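Data first, discussion second: the structure below is written as structure tokens.
The values are calculated or read from the model by the stated rules, or taken from the named source; none is laboratory data. Since the structure is predicted, the reported quantities are computational estimates derived from the model, not experimental observations. Don't worry about glycine lacking a Cβ; one is built from the backbone with ideal geometry, like all the others, and counts go over all protein chains shown. When the accessible area is computed, the model is the full protein with side chains, heavy atoms only, and any ligands, DNA or RNA have been set aside. Shrake-Rupley method; radii C 1.70, N 1.55, O 1.52, S 1.80 Å.
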Amino acid sequence: MELILSDEVRSARANGTPIVALESTIITHGMPWPQNVDTAAEVEAEVRNHGATPATIAVLKGKLHIGLSAAELSTLGKAHDALKLSRADFAACIAMGKTGATTVAATMIAARLAGIDVFATGGIGGVHRGAELSFDISADLRELSETAVTVVSAGAKAILDLPKTLEVLETLGVPVIAYGQDAFPGFWARDCGLPAPLRMDTAAEIAAAHLMRARLGLPGGQLVANPIPLASEIPLADLTPAINTALAEAEAQGIAAKAVTPFLLDRIFQLTEGRSLAANCDLVLNNARLAAAIAAEIARQRAS
Ligand code: PSU
Ligand code: MN
């Protein structure tokens, strides 16, 4: 499989600098322009400032890119026709020579191919509310059970059914690790009201668990849930009306399949007039910092 490495990813591989993968669906389908491109550039800078090299992943005209130039990032952020790629459509997009942005699932697959252990994002997909009727469960969850990449998120958004999401992750054998607290973080809120299955307080512990899974021959990765910084937190009650409106609109308009998550994210940003978008940017930066620390620890522990 031909991978197109950015210059900085190529030198990081040569020098043994830790690398942090970043997804691109958050850019094309997860945030509006121009905040999407600004945030993506800030997240890359944050990774660099914390001693690691960023590798934003996307398929550009049928080529799998591991790391994008500033120009490629900006073009992707303005594109209206980029596909949203998960496990199901990733190979087809490459084979057909099309352009697509990678979700958590597809970014994990690409990171694994490139030998990258750690990936930072905002929120993962999960079990949607009403999934007992719609069967809408993100392919991100199964990917976490199959592909050995540690994903640093801020938990999952309350647009999802969070108890069911945790149940499915448990069924699939995915370690769900809250960072520095007992509660499972709920994206905009530090505590979603549910306990996290596991808690770790240091990047070193998370790195050790990542390496131990490989030693035990366990496939699959880990989900790290890093609470949003206190100053950026939005109480759940403030967002509940917007979430409920967005969910009702999706239902009324018959939004289905891959369109559901982008539709809900977009409506919630609009309904909260950008407040939720600013918090979203802050938590991705926070996750980039933790991911850089975990990537450095994995490299250190591997070498020792
Ligand atoms: N949740 C967010 N922000 C996002 C996404 C989810 O809070 O940007 C994106 C991610 O790329 C995730 C994808 O992998 O949506 C999940 O889509 P689906 O629910 O269709 O699997
Ligand atoms: Mn879905």
Legend entry - Karplus (6.51, -1.76, 1.60) ³J(HN,Hα), θ = phi - 60°, over the range 272-284, in Hz, Gly and Pro reported as x: 9, 6, x, 4, 6, 5, 4, 5, 4, 4, 4, 6, 5
Inset, instruction - Tell me which residues come under 5 Å, amide H to amide H, from W188 once H is placed; ignore anything under 5 positions away on its chain. - result: A158
Inset, instruction - Quick one: accessible surface of E132, probe radius 1.4 Å, all protein chains present, in square angstrom to the nearest 10. - result: 110 Å²
Inset, instruction - List the residues whose amide H sits under 5 Å from the amide H of A178, counting only those 5 or more places along or on another chain, with H placed 1.01 Å from N in the peptide plane. - result: L198, R199, M200, A225
Inset, instruction - Whenever you get a sec, compute what percent of the accessible area on the range 190-304 sits on carbon and sulfur atoms (1.4 Å probe). - result: 59 percent
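Would you mind calculating the relative contact order of the chain from Cα pairs under 8 angstrom and at least 6 residues apart, reporting the percent as a whole number?
Numbers: 624 pairs, mean separation 59.5, N = 304.
That works out to 20 percent.
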Legend entry - Calculated on alpha-carbon atoms, Rg and Dmax of the chain in Å: 17.7, 57
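Can you check what the net charge comes to around G126, using other residues whose Cβ is under 13 Å from the Cβ of G126 (Lys, Arg +1; Asp, Glu -1)? Show your work: numbers first, answer last.
Numbers: positive: R129, R142, K157, K164; negative: D136, D140, E143, D161, E167, E170.
In short, -2.
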Legend entry - Fraction of antiparallel bridges per DSSP, the chain only, in percent to nearest 5: 30 percent
Inset, instruction - Please give the calculated 222 nm ellipticity per residue for the chain, where each DSSP H segment of at least 4 residues contributes -39500 (n - 2.57) and the sum is spread over every residue; nearest 500 deg cm²/dmol? - result: -15000 deg cm²/dmol
Legend entry - Under Karplus coefficients 6.51, -1.76 and 1.60, residue-wise ³J(HN,Hα) of the range 19-28 in Hz, glycine/proline x: 10, 10, 6, 10, 8, 10, 5, 4, 7, 7
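For the range 30-171, rounded, prolate or oblate, judged on the Cα gyration tensor with a ≥ b ≥ c (square roots of eigenvalues), a/c < 1.5 rounded, else prolate if a/b > b/c? Before the final figure, lay out each step's value.
On the way: a/c = 1.58, a/b = 1.41, b/c = 1.12.
Here the range 30-171 falls in the prolate category.
Can you tell me what share of the DSSP beta bridges in the range 72-231 is antiparallel? A percent to the nearest 5 is fine. The partial results should precede the final answer.
Numbers: 5 of 21 bridges.
Here the share of antiparallel DSSP bridges comes out near 25 percent.
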Legend entry - Distance between the range 249-278 and the range 38-103 - C-alpha centres, whole angstrom: 22 Å
Inset, instruction - Keeping all protein chains in position, work out how much accessible area K258 exposes to a 1.4 Å probe, and write it in Å² to the nearest 10. - result: 90 Å²
Inset, instruction - Between beta-carbons, use under 10 Å as the cut-off and find the net charge around V151, counting Lys and Arg +1, Asp and Glu -1. - result: -3
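Using the per-residue mean of other Cβ atoms lying within 10 Å as a proxy for protection, in what order, highest first, do the peptides 92-102, 221-231, 2-12 fall? The partial results should precede the final answer.
Numbers: 92-102: 18.6, 221-231: 21.4, 2-12: 15.3.
Per-residue mean Cβ counts within 10 Å order the peptides as 221-231, 92-102, 2-12.
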Legend entry - Unit charges on C-beta of K, R, D, E only; dipole of the range 1-144, Debye: 300 debye
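Label the range 13-82 by shape, choosing from rounded, prolate and oblate, from the square roots a ≥ b ≥ c of the eigenvalues of the Cα gyration tensor; if a/c is under 1.5 it is rounded, and otherwise prolate applies when a/b is larger than b/c, oblate when it is not.
On the way: a/c = 2.53, a/b = 1.46, b/c = 1.73.
It is oblate, given that a/c is not under 1.5 and a/b is not larger than b/c.
Over the chain, average the accessible area per residue using a 1.4 Å probe and give it in Å², no decimals. Numbers along the way, then the final one.
Working: 12750 Å² over 304 residues.
Per-residue accessible area for the chain comes out at 42 Å².
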Inset, instruction - Would you pull out the residues with amide H under 5 Å of L64's amide H, same chain only if 5 or more places away, H placed 1.01 Å from N? - result: I4
